[in-house]
Structure formats: C-alpha cells, structure tokens
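Here's the structure we're looking at; comments come further down.
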Amino acid sequence: MSMSNCVIELKGLNRSFINGAGENHVLKQIDFSVNSGDMVAILGQSGSGKSTLLSIMGLLDKADSGQYLLCGQDVSTLSTYQLSQLRNGHIGWVFQNFNLIADMTVTENLTVPLRFNQSVNRVDYEAKIDEVLSKIGLDDKKSFFPAELSGGQQQRVAIARALICQPDIILCDEPTGNLDSANSDNVMELLSGLNQEGRTVLIITHDPAVAAYCHKAYKICDGEIQAILQQGFKHAV
Ligand SMILES: Nc1ncnc2c1ncn2[C@@H]1O[C@H](COP(=O)(O)OP(=O)(O)OP(=O)(O)O)[C@@H](O)[C@H]1O
Ligand SMILES: [Mg+2]
C-alpha cells in the first residue's frame, strides 16, 4: 500500500444499535468512496451517524453488513492484529477534545504510536518527533504537558501524533470544535498542507468555514449519505 493509491470504498454498509427503544438503524446501505488524495467534509445533524461512519472507516468499529474495502482490501477478512497494524500504519486520528495523555509530555505523547509501530526503530524516535514538531511549529514545547498548552497548541500536537507514523489517511472528528476561529483556521491550514502532500483527509464538521477548506462535502441524513453541491467549495463534487 502506498500513499498514492490508498482509497476508501464502502458498499451497502449497514450499522444498527439496539437500545431500550428498539433498533436504531444509523447507517443504511451506505455506498461511499473516497479517492486517494481527496479532502472531504462530512456534515449532518447531531446523532445522524457521522462518528459511527468515521469509526468504521478508521477500523475502530465494524459494520453489521456490507463491505469495506480499504486500499482494495476487504477489512472483514483481517484479524484483530492485522486491523491494528493497518490502523497504526495507515490511519491517523484527530478528535475534538484532542485526547492527549495528560500525564505525558508532548514528546511522550508522540512516542506512544511509535511504540506500536514495528517498522520504526527506537533510535529514530527522536528524529521523527523533531520532524513532526517542526511541521506543526511547536519545536519549543517538547517537554510541556498538555495542560501547559493552549487548545490550539494541543490540537496541533494531536495532529503531530496522528502524523508520526506517516498515515495515508487522516480522519478528523470535529477537529476545530473546541477552537476559536483563528486556531480553527490554523488547524485547517495544517490539514490542508498535509492533504497537499498527498494524504487523504476526512473531516467531520458542523462549521461551513471548515467545510470550505475541503474539495468535496457530503451530508448524512436519515441514514444515507448525499453529496452537497455548494458554492464556495474549491472544487465541485
Ligand atoms: N455504541 C453505541 N451504542 C448505542 N448507540 C450508539 C452507539 N454509538 C452511536 N450510537 C447511536 O447512533 C446514533 C449516531 O451516533 P453518532 O455518534 O454517529 O452521531 P454523530 O452524527 O457523530 O453526532 P454528533 O454530531 O452529536 O457527534 C446516535 O443515535 C447514537 O445514540
Ligand atoms: Mg459525533
């Protein structure tokens, strides 16, 4: 697998949850694909299934039925170990609340994914960490704890963590949801830059300003996903 051809393809995907009220059919026969190198926004009301869809694409959850081909490979055939290897090597996650480990420094937080990556040698950790920190402009914060950083800085560290294993795909669930507009723009410039390097970027957002950074936008509604054609997008869907 390489960055140039790793695509996401969902075919007839279903996901339901059973709760006190019965069955909640959140994703209904979803057909959806994302090309390599795309930058895609996913919108939709609260509870519409955006995070559920992203979790399936990010190999954190499984569909009940249908097919998910990641880089041409049917993920249902993979073992738990193979899935975790695929996640670690090909997918980076960025969350609304940053999810940095509070009692670890920036350097220690960035070391965590490297420890799970067998293709990175321990002696190369420091160089990898320096490389991602200079990319996000926080070289001087290596020994800081998350609580000693601003929200925007924490999110940039979370992006560095998502990047450190050189993923093809970066999945972001409301990455600017806790940021003011200046920090939000800063994070979006960073994600756009990563996309221009060839990485595929998917972003769940409620914010039209965030969606405007993307080439394509989709909306989840009543369990289905639809393309949104809207002025202001850099490219038509
Ligand atoms: N693990 C779970 N168990 C039961 N129900 C769940 C589970 N995960 C999600 N759901 C239900 O699936 C629906 C979609 O949830 P999801 O988190 O995907 O929504 P969302 O579009 O991300 O919403 P938000 O914008 O509020 O984050 C909701 O009705 C939710 O209650
Ligand atoms: Mg959500």
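The numbers here are math on the coordinates, done by the rules we state, and not lab data. The shown structure was predicted, so the numbers you read here are calculated from the model rather than taken from an experiment. Reconstructed Cβ throughout: ideal geometry from the backbone, glycine too, with neighbour counts over all protein chains shown.
Can you give the FRET efficiency to the nearest 0.05 for residue 144 and residue 118, using r as the Cβ-Cβ distance and R₀ = 30 Å?
On the way: r = 29 Å, r/R0 = 0.96.
Efficiency for this residue pair is about 0.55.
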- Query: Which residues in region 10-27 place their backbone N less than 15 Å from a point set 7 Å from the Cα of residue 67 along the Cα-to-Cβ direction?
  - Reply: 10-14
- Query: Hey, got the dipole for the chain? About the Cα centre, +1 on K and R Cβ, -1 on D and E Cβ, debye to the nearest 20?
  - Reply: 300 debye
- Relative contact order computed over the chain (Cα-Cα under 8 Å; 6+ residues apart), in percent: 28 percent
- Message: So, R0 is 22 Å and r is the distance between the beta-carbons of residue 206 and residue 28; what FRET efficiency does that work out to, to 0.05?
- Response: 0.50
- Taking amide H positions as placed 1.01 Å from N in the peptide plane, with prolines and chain starts having none, which residues 5 or more places from residue 42, or on another chain, fall under 5 Å of its amide H? 203, 204, 205, 218
- Label-point separation in nm, residue 11 to residue 126, each point 7 Å along Cα→Cβ: 5.0 nm
- In the chain, which cysteines lack any other cysteine Cβ under 4.7 Å from their own? 165, 172, 214, 221
- Query: When the Karplus curve 6.51 cos²θ - 1.76 cosθ + 1.60 is applied with θ = phi - 60°, which whole-Hz ³J(HN,Hα) does each residue of region 179-187 get, with x for Gly and Pro?
  - Reply: 10, 6, 5, 5, 5, 4, 4, 4, 5
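Note down the magnitude of the dipole of region 13-66 about its Cα centre, charges +1 on Lys and Arg C-beta and -1 on Asp and Glu C-beta and zero elsewhere, to the nearest 20 debye.
It works out to roughly 80 debye.
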- Calc'd 3J(HN,Hα), region 41-50, phi into Karplus 6.51 cos²θ - 1.76 cosθ + 1.60 (θ = phi - 60°), Hz, glycine/Pro = x, comes to 9, 10, 10, x, 5, 4, x, 7, x, 5
- From phi via Karplus (6.51, -1.76, 1.60), per-residue ³J(HN,Hα) for region 109-125 in Hz, x at Gly/Pro: 4, 6, 6, 3, x, 5, 4, 8, 9, 6, 8, 9, 7, 3, 5, 9, 3
- Message: Using square roots of five times the C-alpha gyration tensor eigenvalues, list the equivalent-ellipsoid semi-axes of the chain in whole Å, biggest first.
- Response: 28, 21, 17
- Query: Over what distance in Å are the Cα centres of region 36-90 and region 117-151 separated?
  - Reply: 27 Å
- Item | Ordering of 209-218, 144-153, 70-79 by burial proxy (mean other Cβ atoms within 10 Å per residue, highest first) | 209-218, 144-153, 70-79
- Note on the structure: The local net charge around residue 75, scoring Lys/Arg +1 and Asp/Glu -1 for residues other than residue 75 whose Cβ lies under 13 Å from its Cβ, equals 0
